[in-house]
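Here is the structure we will look at.
The values are calculated or read from the model by the stated rules, or taken from the named source; none is laboratory data. Being a predicted model, the structure only gives us computed values, none of them experimental. Glycine gets a Cβ as well: all are built from the backbone with ideal geometry, and neighbour counts include every protein chain shown.
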Amino acid sequence: MEKKTFSTRYLAEVALFVGIILVMKITGLSSIPVGPLVMTFTMIPIAIGAMLLGPLAGTILGAIFGLTSLYDAITGKSAMTHFFFQANPFMTVLLCVGTRALVGAAVGWLFRAFSRVDAKHVWSYFAGGLLAPLLNTLFFMGFIVLVFYQTEFVQNLVTKLGATGPIMFIVLVVGVQGLVEAATGLVIGGAIAKGVAHALKRDKDPIAAQKALYRGVKAVK
């Protein structure tokens, strides 16, 4: 039985995207503080990686981003997640790392589903770019509401914002930043992913190209 391994090129490309995420974090290009949250642009390389390399790569990249978020929680760079970490470290790990890994996986699988019905493989890239920030907001804020909503930190925010319930709390906290993240993911993430896929000749059959990259062989044209 043939042993299945990932190609060197696949691993190198995953490593390249990991490097991009880390450089964005180190240089401060990954996020802009907005109230208790940050407006993050790291979902763009995660979405691009998930669409070009597949769901596993998306999961890895999402987890790497999550680890940088967990670092902020542990060190106190993020006041909200630092409070959560002190209250419940395990759940905070799931919040920071688990939800982001899930986003990467979901974008990868949804892109595959979209590309099967997108005959020309155009709008599926923009859909993937849009879904990454939307799912990040949904999973991250949804987890906070499910696990940490009754904590003192969140309830103080609820009172300050005048939120009448969990859904209104999410809307008021996310606000305009959610729209900006969605717009940049749609336009920038979608355009870059489509452009790179075309340049690498992977846009005619993205799924076949991903599987060929895993094995280190040329995709069937």
Selection count, region 14-24, where residues are in contact (Cβ under 8 Å) with a residue 24 or more places away in the chain and over 17 Å from Gly189 (Cα atoms): 1
Some residue of region 166-187 being on the phi > 0 side of the Ramachandran plot and outside any helix (DSSP H, G or I): no
Residue check, Phe139 under 19 Å from the mean Cα position of the chain (by Cα), assigned to a helix (DSSP H, G or I), under 27 Å from Ala12 (Cβ atoms) and aromatic (Phe, Trp, Tyr): no
Lone qualifier among Ala127, Ala105 - being more than 20 Å from Val174 (Cα to Cα), surrounded by fewer than 23 Cβ atoms within 10 Å (Cβ to Cβ) and in contact with a Phe, Trp or Tyr (Cβ under 7 Å, 6 or more places away or on another chain): Ala127
Selection status of Lys221, among the charged types (D, E, K, R) and at pLDDT below 90: yes
Restricting region 64-86 to residues that are of a type in the set (Gly, Ala, Ser) and buried (at least 19 other Cβ atoms within 10 Å of the Cβ), the residue that is farthest from Asn156 (Cα to Cα): Gly66
Residue in region 180-192 that is in contact with a strand residue (DSSP E or B) (Cβ under 7 Å, 6 or more places away or on another chain) and either of a type outside the set (Gly, Ala, Ser) or over 23 Å from Gly66 (Cα atoms) (or both) present: yes
The listed residue being without any contact (Cβ under 8 Å) to a residue 60 or more places away in the chain and within 17 Å of Lys25 (Cβ to Cβ), out of Ala63, Ala106: Ala63
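Yes/no per residue for (1) free of Cβ contacts under 8 Å to residues at least 12 places away in the same chain; (2) surrounded by 14 or more Cβ atoms within 10 Å (Cβ to Cβ); (3) in contact with a strand residue (DSSP E or B) (Cβ under 8 Å, 6 or more places away or on another chain); (4) among the charged types (D, E, K, R):
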| residue | (1), (2), (3), (4) |
| --- | --- |
| Phe153 | no, yes, no, no |
| Asn156 | yes, no, no, no |
| Ala163 | yes, yes, no, no |
| Met168 | yes, no, no, no |
| Val174 | no, yes, yes, no |
| Gln177 | no, yes, yes, no |
| Gly195 | yes, no, no, no |
